[in-house]
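What follows draws every value from the coordinates through simple rules; no lab data is involved. In this text the structure is predicted, and so the values were computed from the model without any measurement. Methodologically, a virtual Cβ is constructed for each residue, glycine included, from the backbone with ideal geometry; neighbour enumeration extends over all protein chains shown.
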Amino acid sequence: MSALAIELTGINKNFGNVCANKDVSLKVESGTIHGIIGENGAGKSTLMSILYGFYQADSGTISVQDKSMQIQNAHDAIDAGIGMVHQHFMLVDTFTVLENVVLGTETGYSLKKSLEASALELQRLEKEYHLEVGIDSVINTLPVGLQQRVEILKALYRGADILILDEPTGVLTPQEADHLFRVLSELREQGKTVILITHKLREIMAITDNVSVMRQGEMVAHLKTAETNQEELAELMVGRKVLLQVDKAPAKPGKPVLTVEHLDFTDDSGVHRVKDVSFNVRSGEIVGIAGVSGNGQSELLAAITGIQPLQKGQLKINSETIRPDMRADAADMRRFGMAHVPEDRQRMGLVTSFSAQENSILGYHNDPAYNGLFEMDRDAILSTCQHGMEHYDVRPNNLNLRASLFSGGNQQKLVVARELERDPELLVIGQPTRGVDIGAIEFIHRQIIAMRDAGKAVLLVSVELDEILSLSDRILVMFAGQIMGEVQASSANERDIGLLMAGISKEAT
Amino acid sequence: MWNDFLLILDATLRISVPFVFAAMGGIFAERSGVIDFGLEGKMLGGAFVAATVAYWTQSAWWGLLGAIGIGIIFSMIHGYASISKRGNQVVSCVAINIFAMGLTVVLANAWFGMGGKTPQLSKEARFMSIELPYAEEFRNIPIFGDIYYEIISGHSILVYIAFLMVPITAWVIFKSSFGLRLRATGENPLAVDTTGISVNKTRYQALLLNGILGGMSGAYLSTAHLAFFVKDMSAGKGYIALAAMIVGKWRPYPAMFACLLFSFLFAIKDKPEVFDLLKGIVPVKLLNSFLDMSPYILTVIFLAGFVGRAVAPKAIGQPFSKEK
């Protein structure tokens, strides 16, 4: 066994009453890629934030390269040779690559000297690790894949021997992720230690040497990657057996329920987000829209569901035609038979400070069924909520609990229950399982398929390619506001979709 | 006509000094992510302390130092409330402004009993105009001589310091290592924190500079522009400086030009010619009020889009906290 790069023993961390890390221990061998896997909220990021000095552990010890140490802040971590690539990049958007890298390491009063001295070193690192970005590019002009390289360069520039990456592939196309993995392998060959935090089993299997599994704040297993498999890891993560594959019968599509024609959308700051998008969704099928986050999917959803006024183009829902001059809003869309599970449940799907029962009628609160002469009909609301919570297995089954106090998965189930219980003709669902635990993912997926099998039309938008692949009957890929291509799910493979996600159409290759 | 023009420009320069000081101070604070609505209070406090200390010590320089002191005290109070205690920054600023408005008058009354005014300062106790070298000699050169003699020469030292502050501020913000940290702190404090720099320390440093400049703007009012402090002396100038800073998009040179533009409006609004010119357009009864508000109207017009969108530092107004 080689030397240990990191050894954590007995780490505890509480946030108020929430126990994020409970007696966690971890050993990372030098010169390996070590995966840490767990569901959202399992405590992976908290643990790494403690290692990077962002939080202080309540108790426990940290030793780096066999030296016990106190890491009070990022400065200590950097001194100890630890670099971190955060899930949300820690870059100043308006600065150049060079300025971002230099920030915090400048010497002397004059910026110019620091920048000049660092430029050469940075260019050398770019070449050595195949992380070319162009040191004078301004961050907000770079695609996310390149911004991530800047983060890695930042860590290397500071002399990091141990690199922590927190969910690094969430924003990447499959091809970009492959490139990242090649870079990580190269780092390993040069003797660096890499810690990869992820909730994607495939990544663990593809690149890591060892893997540690976390569940509900605790470390449940340390394994050699070569001696385990996806099923075992999934079971360890969730604590019970899970079905990784979604079973579904072939689709029996009927007539179009939603038709989108030449939809165009420009946002407030004048950026042309959606460009001439046309497609349809038929009854009894699930149409998935794949794409890297930020390629116009959110804006497309907003325009279709009436959250943003329709600007150009038209929609047809069943026999209803919706044109921009109708100024149809979200309530109108609901009336036309559309249910919408928004991408961001906390911001758009729920009022988190309201109780579950109040949330269960949000958007349908003007329905006469809930309104008496002067006040709302509490009994009707309660029975709706009770029914939804039972049917969708929302836990805890407490009608008066504030929405913010439910876990992510249960919050999502509340929203899904509200929208699906109305038996809509058309379901529009964005990021159905973002930040949701595996158990709930399984459940929500089954509900979506049940909708389809009941002959409803489903439009699914997700940045999780696995989700798109396993649920959809037809797949549309968005890039830079356009539909790059359509793929039949039966013949779809990750590579083709990945190329489309990167904006490379089939004809071009 | 030419002479009138020169005099107007000369007045513009004099009027702009507190704006320039305060706007530069505001840039430091806001570039670091701390809203500074409290320039008005610092200016007022600075004016009062400068006049009082100058009167007691018979030295304008001690007065200036006192003004800087009160500016720093105010900015540190603001810092404690909004950085350390993560309070609401606007509320903290409003508190400082109201506090300054009341305290200056109360103390002036208690100490001097002149209805909120401080005693007239003697020549020694205020900043007098200084004649630049060769002003008389150059006077006969056409145009240049006029400009040099009438506009550039013959101001108090604070006027020159104010305009020197502009390139200094620009250098510090854009060309120094400290400036890089300062701007980064205002844009993305988390990024700064993860590189191992203290966000709070950087913001306090920015506020220190802000307090110094805010105090100086007040000292100019009571020991250079006039020779005493009077109740409500700043009369909204702190807010105008704030507007100039925003119109200048948090950049020193454009902010300075915005200050000069606003000052120009103040300089011409009392000229009879302007009065005559506008008589036909605006009802005479309203004309004075109209002229008084013209700088503010202009600000609104500018901010509404003539100068493009003014994009504030991204993290402005947000106290830095790691734990959500």
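Tell me which of A:Tyr364, A:Val246, A:Thr198 sits at the most positive position along the dipole axis of the protein assembly as shown, charges placed on C-beta atoms (Lys, Arg +1; Asp, Glu -1). Of A:Tyr364, A:Val246, A:Thr198, it is A:Tyr364. In the stretch B:109-152, inverting the average of 1/r over every pair of distinct C-alpha atoms gives 13.4 Å as the Kirkwood radius. Between A:Val150, A:His262, A:Gly10, the Cα set farthest toward the positive side of the dipole of chain A (charges on each charged residue's Cβ, about the Cα centre) is that of A:His262.
Based on C-alpha pairs under 8 angstrom that are at least 6 apart in sequence, chain A has a relative contact order of 14 percent.
When B:Cys259, A:Cys19 are arranged by Cβ crowding within 10 Å, least crowded first, meaning fewest neighbours, the order is A:Cys19, B:Cys259. Rg and Dmax of the stretch A:436-509, based on Cα coordinates, read 13.5, 41 Å. Counted over the stretch A:268-339 with a bin width of 10 Å, the fraction of Cα pairs per bin, in whole percents, is 17, 53, 29, 2. Taken about its Cα centre, the stretch A:4-238 carries a charge dipole of roughly 240 debye when the Cβ of each Lys and Arg holds +1 and the Cβ of each Asp and Glu holds -1. Within the listed set B:Ser217, B:Ser176, B:Ser75, the Gaussian network model of chain B (springs between alpha-carbon atoms below 10 Å) gives the highest mean-square fluctuation for B:Ser176.
Projecting each Cα onto the charge dipole of the protein assembly as shown (Lys/Arg +1, Asp/Glu -1 at the beta carbon, about the Cα centre), which of A:Ser118, B:Trp61, A:Gly430 comes out farthest on the positive side? Of the options given, the answer is B:Trp61. Using all pairs of distinct alpha-carbon atoms, the Kirkwood hydrodynamic radius of the stretch A:116-177 works out to 12.4 angstrom. Quick one: helix A:111-128 against the long Cα principal axis of chain A, what's the angle to the nearest 10°, folded into 0 to 90? Here the helix axis deviates by roughly 80 degrees. Divided by 2.2 N^0.38 Å, where N counts the residues, the Cα radius of gyration of the stretch A:256-508 comes to 1.01.
222 nm [θ] for the protein assembly as shown, helices only, -39500 (n - 2.57) per DSSP H run of 4+, per residue, to 500? If you can, show how the numbers build up before the last one.
On the way: 29 runs with 370 residues, N = 833.
Result for the protein assembly as shown, helices only: -14000 deg cm²/dmol.
For the stretch B:137-220, trypsin sites (Lys or Arg not before Pro) meeting the loop criterion (DSSP other than H, G, I, E, B) and having at most 14 other Cβ atoms within 10 Å: B:Arg139. Rounded to whole Å, the principal axis extents of the Cα atoms in chain A read 70, 49, 46, largest first.
P(r) for the stretch B:216-266, from all Cα pairs and a bin width of 5 Å, is 5, 20, 24, 23, 17, 8, 3 %, short bins first.
Quick one: if the Förster radius is 56 Å, what FRET efficiency do A:Asn366 and A:Glu231 give, using the C-beta to C-beta distance and rounding to 0.05? Mind dumping the intermediate values first?
Values: r = 48 Å, r/R0 = 0.85.
It comes out at approximately 0.70.
What shape does the stretch B:116-197 have by the C-alpha gyration tensor, where a ≥ b ≥ c are the square roots of the eigenvalues, rounded means a/c under 1.5, and otherwise prolate means a/b greater than b/c and oblate the rest? Oblate.
Would you mind classifying the stretch A:4-238 by shape? Square roots of the alpha carbon gyration tensor eigenvalues, ordered a ≥ b ≥ c; an a/c under 1.5 is rounded, otherwise it is prolate if a/b is larger than b/c and oblate if not. Prolate, because a/c is 1.5 or more and a/b exceeds b/c.
Based on C-alpha pairs under 8 angstrom that are at least 6 apart in sequence, the stretch A:290-421 has a relative contact order of 21 percent.
Let me spell out the model: positive unit charges on the Cβ of Lys and Arg, negative unit charges on the Cβ of Asp and Glu, origin at the Cα centre of chain A. What dipole size does that give, in debye rounded to 20? Numbers along the way, then the final one.
Working: 48 positive and 68 negative charges, 94 e Å.
Dipole magnitude for chain A comes out near 460 debye.
In terms of other Cβ atoms within 10 Å, A:Phe354, A:Phe406, B:Phe144 run from fewest to most in the order B:Phe144, A:Phe354, A:Phe406. When the pairs B:Lys85/B:Lys231; A:Lys27/A:Lys200; A:Lys154/A:Lys192 are compared against a 24 Å limit on Cα-Cα distance, B:Lys85/B:Lys231 fall above it. Axis angle, to the nearest 10 degrees, between helix A:408-420 and the longest C-alpha principal axis of chain A: 20 degrees.
Mean silhouette area of the stretch B:2-306, derived from the convex hull of its C-alpha atoms and averaged over all directions, reads 18.0 nm².
Net length available on complete extension from B:Tyr253 to B:Ala135 is 39.8 nm, with 0.36 nm assigned per residue and the Cα-Cα distance removed.
Just to be sure I follow the definition: excluding the sites themselves, where is the longest run in chain A that has none of the trypsin sites (Lys or Arg not before Pro) in a DSSP loop with at most 10 other Cβ atoms within 10 Å?
Values: sites that count: A:Arg240, A:Lys241.
Excluding the exposed sites themselves, the longest stretch runs over A:242-509.
Note on chain B: with a GNM built from Cα contacts shorter than 10 Å, the maximum mean-square fluctuation among B:Met165, B:Met293, B:Met101 falls on B:Met293. Counting only alpha carbon atoms, the long axis of helix B:284-301 and the longest principal axis of chain B meet at about 40°. Computed FRET efficiency, Cβ-Cβ of A:Arg446 and A:Val138, R0 45 Å: what is it to the nearest 0.05? So the FRET efficiency works out to roughly 0.50. With N counted as the residues of the stretch B:179-324, its alpha-carbon radius of gyration over 2.2 N^0.38 Å works out to 1.34. Placing +1 on the Cβ of every Lys and Arg and -1 on the Cβ of every Asp and Glu, with no other charges, gives chain B a dipole of roughly 1240 debye about its Cα centre.
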